[in-house]
1. Being in the same structural domain as A158 (by TED's automatic domain parsing), in contact with an Asp or Glu (Cβ under 9 Å, 6 or more places away or on another chain) and farther than 17 Å from I103 by Cβ, is that true of even one residue in region 176-184?
2. Looking only at region 252-288, filter to residues that are surrounded by fewer than 16 Cβ atoms within 10 Å (Cβ to Cβ) and of a type in the set (G, A, S); which one of those is modelled with the lowest pLDDT?
3. Could you grab me the full set of residues in region 37-70 that are farther than 23 Å from A87 by Cα and either in a loop (DSSP other than H, G, I, E, B) or in contact with a helix residue (DSSP H, G or I) (Cβ under 8 Å, 6 or more places away or on another chain) (or both)?
4. Select from region 231-248 the residues that are modelled with pLDDT under 90 and among the small types (G, A, S) and write down the one among them that is surrounded by the most Cβ atoms within 10 Å (Cβ to Cβ).
5. Could you check, for region 47-62, whether at least one of its residues is in contact with an Asp or Glu (Cβ under 8 Å, 6 or more places away or on another chain) and farther than 18 Å from Q256 by Cα?
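The values are calculated or read from the model by the stated rules, or taken from the named source; none is laboratory data. Since we're looking at a predicted model, the values are computed, not measured. Here the Cβ is made from the backbone with ideal geometry for all residues, glycine too, and neighbour counts use every protein chain on show.
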Amino acid sequence: MSATLENNEALTTTARVAGDRPRRRRRLDGGNGGINGWLTALIAVCALTVLIPLYFTVVTALKTPDQLGGTGFELPTSIRWENFADAYQLTNFPRALLNTAIITVGAVVLTLLTNSLVAYAIARNMHKRFFKGLYFYFLAAIFVPFPIIMLPVVKETALLGIDTPVGLILLYTVYGLSFNIFIFVAYINSIPVELEEAARMDGASTWGVFRKVIFPLLAPMNATVGILTCVWAWNDFLLPLVVLSDPSAQTLPLAQFIFQGQFNTNYTVAFASYLMALAPLLVVYVVAQRWVVSGVMRGSVK
C-alpha cells in the first residue's frame, strides 16, 4: 500500500514538473513564440545607428552643392553623378586604392602568421615565469594610448628608413599584438593538449604541430583578427599621416583629406569618395563571409 502511494506521489510530482516546463519556457520567451521583444528592439536601434548615417552619406553624394540645405535627409531633386568622377580624379583613386590594398593585405597576413605563433608559445608555456610575465607585458600595452608614443615612433621610423608602406605594415602588426594575443591565448587554452600529443607521437615537430593542428583550429579567431586588422588598416588616418613620408604612397584616408579646406568643405565630392573607399571593403566582406561563418561554426563544434 505504501509503495503504491509513493509511486502515485512520484507520478504526480513528475506530471507537475512536466506541466511547469512549458510555462517556464513561455515565460522565458516572453510569450511571443520564441521572439524576445526587448532584444529585437535593441537590434533594430543598433541597425538604425548604421543605416541612418549610410543613408545620409549616399544622399549627400548624389546631390549638388546647392541642395545641401535643410536637414540633409531630403532626396536629391537632381542626381549629380559627376561627384564620383571628381572624387576619382582629385584623390588619384587608383594609386591610393592600390597603396591601401597593399598595406591592408600585408598587415592582415603578417598579423595572422606572427601573432598566432607568439600566442601559441605563450599559451603552452604559461606555467613558466618568463612567458607569464611576457603575457602581462603585452596586455599592459593595451592601456598605452598611441599619441603618447607617436613622436618617438615618427623619429625612429625616419632614422631606420622604414617610413614606407613596409614600415607601416610592421607597425600595424606590432600595435595589434597586445589585443590579438589576448584573444588568441584564451582560445588556444580551450584546445585540448591531447591533440598535440597525438601529433607528436606521429612524429610531428613543434612547427608541424602548430602548422597542421593548431593553426587550422584557429580559423574562428583568425577570421576575427583578420577582419579587425583589415578594417583598422583600411580606414586608419593617423598612423599613415605621421609615418609615410612619400606623397605618392598615401592611402585613401590621406587622399580624402584634400576635401577638408580651411574655410569650406566640398561635402558632395567628399561623401562620394567615402562611398568609393567603402565599396572594396564591402565586396571583400561579402566574398569572405562564407569562410567567416564556416570558421565560427567549426569553432562551435570543436
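1. Initially, region 176-184 is screened for residues in the same structural domain as A158 (by TED's automatic domain parsing), giving 176-184.
Filter again for in contact with an Asp or Glu (Cβ under 9 Å, 6 or more places away or on another chain), leaving none.
No, region 176-184 contains no residue that is in the same structural domain as A158 (by TED's automatic domain parsing), in contact with an Asp or Glu (Cβ under 9 Å, 6 or more places away or on another chain) and farther than 17 Å from I103 by Cβ.
2. G261
3. G70
4. Across region 231-248, the extreme among qualifying residues is S245.
5. If we filter region 47-62 for residues that are in contact with an Asp or Glu (Cβ under 8 Å, 6 or more places away or on another chain), which is where we start, we get 59.
From the residues that got through so far, the ones that are farther than 18 Å from Q256 by Cα too are 59.
Within region 47-62 (the criterion being in contact with an Asp or Glu (Cβ under 8 Å, 6 or more places away or on another chain) and farther than 18 Å from Q256 by Cα), the answer is yes, since at least one residue qualifies.
Listed here are the residues, each with its yes/no results for (1) over 16 Å from I181 (Cα atoms); (2) surrounded by 11 or more Cβ atoms within 10 Å (Cβ to Cβ); (3) out of contact with any Pro (no Cβ under 9 Å at 6 or more places or on another chain).
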{"site": "T104", "(1), (2), (3)": "yes, yes, yes"}
{"site": "L112", "(1), (2), (3)": "no, yes, yes"}
{"site": "I122", "(1), (2), (3)": "no, yes, yes"}
{"site": "R129", "(1), (2), (3)": "yes, no, yes"}
{"site": "G133", "(1), (2), (3)": "no, no, yes"}
{"site": "P147", "(1), (2), (3)": "yes, no, yes"}
{"site": "M150", "(1), (2), (3)": "yes, yes, yes"}
{"site": "G161", "(1), (2), (3)": "yes, no, yes"}
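For every residue, the table says whether it meets (1) within 30 Å of P280 (Cα to Cα); (2) free of Cβ contacts under 8 Å to residues at least 60 places away in the same chain.
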{"position": "V174", "(1), (2)": "yes, yes"}
{"position": "N180", "(1), (2)": "yes, no"}
{"position": "S205", "(1), (2)": "no, yes"}
{"position": "R211", "(1), (2)": "no, yes"}
